[in-house]
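**Q** Have a look at this one before I ask anything.
Derivation of every value follows stated rules applied to the coordinates shown; laboratory data play no part. All values reported here derive from a predicted model rather than from experimental measurement. Cβ: placed from backbone, ideal geometry, glycine included. Neighbour counts: every protein chain shown.
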Amino acid sequence: MGINIRGRSFLTLLDFSKEEIEYLLELSKEFKRMKYCGTDHSYLKGKNIVLLFEKTSTRTRCAFEVAGHDLGMGVTFLDSKSSQMGKKESLADTAKVLGRMFDGIEYRGYKQSVVEDLAKYSGVPVWNGLTDDFHPTQMLADILTVEEEFGKVQGRKLTFFGDARNNVANSLMVICAKLGMNFCACAPKELWPKQELIDKCQAVAKDSGAILTFTEDPNEGAKGADVLYTDIWVSMGEPEELWAERIRLLKPYQVDQEKMDLAKPEAIFMHCLPSFHDRETDIGEEIYEKFGLSSMEVTDKVFLGPKARQFREAENRMHTIKAVMYATLK
Ligand code: CP
Ligand code: NVA
């Protein structure tokens, strides 16, 4: 029987089977091929989508906008400053209005419950463009990037270094568990994923054969890894005061050349971006002045080195988001 996810929302990968995720990855490859060949794929002409952003974004917003246009759709962007959402109009009322005008809704914001409520009240497919808990569209781009490098991901080891209870780390653990890829969270214990999510993923991993491990030892995390993955140490929405504590906790987990050398010879470096790998940003410079660090979660050498795949990964956001919108709206 064919896979059909038409009409479904894309809120967390926990809701999708291995086969459904693989279908979205195959579709992404097809869309990437069409984009490269210049083949028209405006299959969703006449449809309209709205992008709601309560947090800032470069990749996710641009990926949804370009993917929407390529599919032939009308795209409207709304941020919390320019719409009534939240301040003058409840989420439920906003969702009911948007569901009457648009065929699909993307949401980036804070609580996972908000994206779930949007789906509940709007009656149209809703796509999670990042919440405090999950970042599922990022995951499809990440796995597509790993597959382009190594072929199938089953049995490969991906180690996440850093705040392993953030949205990206949570989602990596879920997708690895689903697809049978080995996942290692390498972080101080207080930053390991929540036990409730670990338990859910362990249950999924039983079926897929994925091995999920958790370690405080950076060398153990790096040894034998196929993918060394990291993300910023303080996520959007977290208080600035956290920087000092996170720097203290996470400095030993910075992805540097030593860790790359401990990994498999063919290992790659990945990062969802944006990244603090130099002093070329306001925050990067501020951190340097306060703490004397010129790079944080990854050294500039690794970020600019031959193993780094973060920009291919960023491009893949567009192809994979296109696949999600097509499959749920077609
Ligand atoms: N990786 C990612 O989601 O990037 P943006 O915050 O720029 O969308
Ligand atoms: N964990 C990061 C991911 C950014 C794409 C954040 O939430 O800010």
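**Q** Under 37 °C and 0.692 mPa s, how fast does the range 102-200 diffuse according to Stokes-Einstein, given a Kirkwood radius computed over C-alpha pairs? Answer in µm²/s, whole number.
**A** 226 µm²/s
**Q** How long, wide and thick is the range 226-266, going by the Cα atoms along their three principal axes, in whole angstroms, largest first?
**A** Principal-axis extents of the range 226-266 (Cα, largest first): 38, 18, 10 Å.
**Q** When N is the residue count of the chain, what does its C-alpha Rg come to as a fraction of 2.2 N^0.38 Å?
**A** After normalising by residue count via 2.2 N^0.38 Å, the value is 0.97.
**Q** Could you grab the relative contact order for the range 22-112? Cα pairs under 8 Å, six or more apart, rounded to a whole percent.
**A** Here the relative contact order equals 37 percent.
**Q** Can you give me the C-alpha center-to-center distance between the range 255-281 and the range 101-134, rounded to a whole angstrom?
**A** 31 Å
**Q** Write out the GluC sites (Glu not before Pro) in the range 150-252 meeting two conditions: DSSP loop, and at most 12 other Cβ atoms within 10 Å of their Cβ.
**A** 240, 241
**Q** Just add up the charged neighbours of residue 62: K/R +1, D/E -1, any other residue whose Cβ is under 13 Å from the Cβ of residue 62.
**A** +1
**Q** Oh, and also: Starting from the eigenvalues of the Cα gyration tensor, five times each then square-rooted, give me the equivalent ellipsoid semi-axes of the range 202-330, largest first, whole Å.
**A** Ellipsoid half-lengths, sorted descending, are 27, 21, 17 Å.
**Q** How big is the charge dipole of the range 50-183 about its Cα centre, in debye rounded to the nearest 20, if each Lys and Arg gets +1 on its Cβ and each Asp and Glu gets -1 on its Cβ?
**A** Roughly 240 debye, rounded to the nearest 20.
**Q** Can you give the calculated 222 nm mean residue ellipticity of the chain, where each DSSP H run of n ≥ 4 adds -39,500 (n - 2.57) and the sum is split over every residue, rounded to the nearest 500 deg cm²/dmol?
**A** About -14000 deg cm²/dmol.
**Q** What does the range 1-128 give for Rg and for Dmax, in Å, if only its C-alpha atoms count?
**A** Over the range 1-128's Cα set, Rg and Dmax evaluate to 15.2, 46 Å.
**Q** Compute the signed sum of charges (Lys and Arg +1, Asp and Glu -1) over the other residues within less than 11 Å, Cβ to Cβ, of residue 92.
**A** -1
**Q** Let me check I've understood the local charge: for residue 21, count other residues with C-beta under 14 angstrom from its C-beta, Lys and Arg +1, Asp and Glu -1. What total comes out?
**A** Here the charged neighbours net out to -3.
**Q** What shape does the range 1-65 take by its C-alpha gyration tensor, where a ≥ b ≥ c are the square roots of the eigenvalues and a/c under 1.5 counts as rounded, a/b above b/c as prolate, and the rest as oblate?
**A** Cα axes put the range 1-65 in the oblate bin.
**Q** Still on this structure, I have one more. Among 92, 204, 168, pick out the residue whose Cα is farthest towards the positive end of the charge dipole of the chain, where Lys and Arg carry +1 and Asp and Glu carry -1 on C-beta, about the Cα centre.
**A** Sorting the options by dipole projection puts first 92.
**Q** Give, to the nearest whole percent, the P(r) tail of the range 64-111 beyond 15 angstrom, counting all Cα pairs.
**A** 51 percent
**Q** Let me ask something additional. Given a 10 angstrom Cα cut-off, can you work out which residue in 162, 209, 180 is the most mobile in a GNM of the chain?
**A** Sorting by GNM fluctuation, first place goes to 209.
**Q** Rank the residues 319, 41 as a footprinting-exposure proxy: fewest other Cβ atoms within 10 Å of their Cβ go first.
**A** Ascending number of Cβ neighbours within 10 Å: 41, 319.
**Q** Taking 24 Å as the cut-off for C-alpha to C-alpha distance, list the pairs among 47/87; 178/322; 55/223; 87/111; 157/259; 194/259 that go past it.
**A** The pairs that break the limit, which is 24 Å between Cα atoms, are 47/87; 55/223; 194/259.
**Q** Any idea what the dipole of the chain comes to, in debye rounded to 20, about its Cα centre with Lys/Arg Cβ at +1 and Asp/Glu Cβ at -1?
**A** 1040 debye
**Q** Restricting to DSSP loop positions (anything but H, G, I, E, B) with no more than 12 other Cβ atoms inside 10 Å of their own Cβ, which trypsin sites (Lys or Arg not before Pro) remain in the range 1-109?
**A** Passing both the DSSP loop test and the Cβ count: 6, 45, 81, 87, 88.
**Q** Then there's this: Quick one: putting +1 on the C-beta of Lys and Arg, -1 on the C-beta of Asp and Glu, what dipole do you get for the range 110-244 around its Cα centre, in Debye to the nearest 20?
**A** Using only the charged Cβ atoms, the result is roughly 520 debye.
**Q** Hey, another quick one. Excluding same-chain residues fewer than 8 positions from residue 81, which aspartates and glutamates have a Cα within less than 16 Å of its Cα?
**A** Qualifying aspartates and glutamates at Cα under 16 Å: 54, 89.
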